[in-house]
Amino acid sequence: MIYSFLFVTIAFILTRNFPLSMLTPISNICVLILSIIGFIHWFKNEDKFIGVLFLILTCFALYSVLVLGNEPIFVIRFYIILISLLCVHFIPFNSLKSLNIVLYLYVIQGLVVISLSLYLYLTWETSDYIPIRLWFQGNGFGDVYTYGNGFFRVQIKGNALIPFFAMISNHLYDLTKIKKYKRIEIFLLIATIFAGNFMFLIGSAFYYVCRFIMKTNYFNRVKGVKNICFLFLLVLFVPVAMNYAVNVIERKSAAGDQSSIGIRFDQADVLLTDMSNNVFTTLTGKGLGHTLKIVTPSRDYTGDIYFEVQTLYFLNQTGFVLLILYILALFYLYRRFMYFEYSGLIYLSYIGYAISNPYIFDTNHLVVIMTLCSINRIVKNKKSSKRSN
């Protein structure tokens with residue numbers, strides 16, 4: 001079906017952004033086609049709340065071009081992604097075969113990440129690897145680096161959904177008991193470690209701890225000595241985790257304004273300050289497609305549409321009122337189209353690690369929504385077939 005073809009094509013291009021970044025326009029076309037298909041299905045459903053939001057976003061896009069004078073190409077770009085994230089909920093996509101293909105695409109991405117990390121470890125010294133790091137950064141492929149311990153973190157384009165699909169594999173194994181999903185899950189978790197993104201680890205840890213508690217109903221079922229032992233181990237684990245987190249933050253902050261955390265703070269300050277000129281821009285934003293004309297000691301942000309804190313960039317464009325309304329719409333659609341056991345936990349874990357990275361309100365987010373909606377339909381069909389039998 002066309003839904004499956006478009007879904008797999010988008011996932012393929014996302015995972016092959018390194019080294020085939022020239023394929024990105026094809027992905028954008030696929031997103032546009034999915035938006036149109038989703039809009040048609042919304043029209044058949046006649047969901048009035050989402051219809052009102054469509055109208056508001058359309059008027060806001062026109063206001064951004066005609067009144068605020070924002071670049072039309074950028075306005076269209078962000079309008080399409082915001083509309084598409086709503087529309088794809090309505091597409092009746094429920095192909096487990098397509099999900100399997102996408103899982104293997106992310107297995108390949110994980111293999112690339114692990115292979116690159118091992119290659120860098122075996123061939124480059126920590127003191128002279130800067131040329132290859134600059135090559136990755138200069139070509140827009142992402143970043144590879146080490147803190148000097150020989151372990152190379154491979155944070156390249158295409159990694160964004162590796163932890164997400166590890167969680168999906170975990171859930172598919174529970175649904176089907178097919179062992180390949182457990183093997184895929186373990187491999188993707190290993191790839192998550194080699195990717196070296198700290199928030200990936202936090203999001204994954206949050207998912208598995210919460211999953212354990214939810215699945216076992218631990219605190220209600222386990223009493224006495226076992227419960228005390230679990231709490232004791234948890235108390236021991238928290239200081240270790242906190243110490244690791246502090247060490248990571250210190251390393252990421254070591255370069256000051258040029259560090260990972262320093263850049264994020266700088267971007268947050270720039271984006272929030274830019275929209276805080278008056279109460280009106282704080283509430284309604286600077287319009288879709290708005291770009292900055294600001295230079296800081298860390299960076300020249302003139303014309304940028306890509307930020308590590310991408311959520312704040314959307315806030316800068318839409319303001320608090322429209323962004324809150326949009327988030328409420330996403331929650332409404334979640335409750336309607338992908339509310340199944342553990343989906344909320346998977347979605348929340350993804351949001352948790354994506355919100356401090358540029359992996360939200362973009363094509364990755366679209367793949368997440370289509371995946372969760374598809375699994376919801378598969379679960380519903382499975383339950384319906386059981387009842388009919």
**Message:** Once you keep just the Cα pairs under 8 angstrom separated by 6 or more residues, what percentage relative contact order results for the chain?
**Reply:** 22 percent
**Prompt:** Just how large is the dipole of the chain about the Cα centre, in debye to the nearest 20, putting +1 at every Lys and Arg Cβ and -1 at every Asp and Glu Cβ?
**Reply:** 2120 debye
**Request:** Could you rank the peptides 319-326, 295-302, 371-378 by their average count of other C-beta atoms within 10 Å per residue, with the highest value first?
**Result:** 371-378, 319-326, 295-302
**Prompt:** Using θ = phi - 60° and the Karplus curve 6.51 cos²θ - 1.76 cosθ + 1.60, what whole-Hz ³J(HN,Hα) does each residue of the range 51-61 get, with Gly and Pro shown as x?
**Reply:** x, 4, 5, 4, 5, 4, 5, 5, 5, 5, 5
**Prompt:** For the range 14-90 and the range 123-178, what is the separation of their C-alpha centers, rounded to whole Å?
**Reply:** 29 Å
**Complete:** With +1 at each Lys and Arg Cβ and -1 at each Asp and Glu Cβ, the charge dipole magnitude of the range 71-219 around its Cα centre, to the nearest 20 debye, comes out at 640 debye
**Message:** Under 5 Å between amide hydrogens, which residues at least 5 positions from D304 or on another chain qualify, with H placed 1.01 Å from N in the peptide plane?
**Reply:** L292
**Asked** Considering amide H positions built from the backbone, and no H for Pro or chain starts, which residues 5 or more places from G142, or on another chain, come under 5 Å of its amide H?
**Response** K157
**Prompt:** To the nearest 500 deg cm²/dmol, what mean residue ellipticity at 222 nm is calculated for the chain from DSSP H runs of n ≥ 4 alone, each contributing -39,500 (n - 2.57), summed and divided by the residues?
**Reply:** -24000 deg cm²/dmol
**Request:** Rank F93, L103, L57 by how far each Cα sits towards the positive end of the charge dipole of the range 34-148 (+1 on Lys, Arg Cβ; -1 on Asp, Glu Cβ) and give me just the farthest.
**Result:** F93
**Item:** the range 1-155, Cα convex hull volume normalised per residue, Å³
**Value:** 150 Å³
**Request:** Work out from phi, with θ = phi - 60° and the Karplus expression 6.51 cos²θ - 1.76 cosθ + 1.60, the ³J(HN,Hα) of each residue of the range 67-79, listed in order in whole Hz, and give x for Gly and Pro.
**Result:** 9, 7, x, 6, 4, x, 4, 5, 4, 4, 4, 6, 5
**Message:** With θ taken as phi - 60° and the coefficients 6.51, -1.76 and 1.60, list the Karplus ³J(HN,Hα) couplings across the range 31-45 in order, rounded to whole Hz; mark glycine and proline as x.
**Reply:** 4, 4, 5, 4, 4, 5, 4, x, 5, 4, 5, 4, 4, 5, 6
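Taken together, the values in this text are just the output of simple stated rules run on the coordinates, not laboratory data. Just so it is clear, the structure is predicted and the values come from calculations on it, not from any experiment. Every residue, glycine among them, receives a Cβ derived from its backbone with ideal geometry; neighbour counts consider all protein chains shown.
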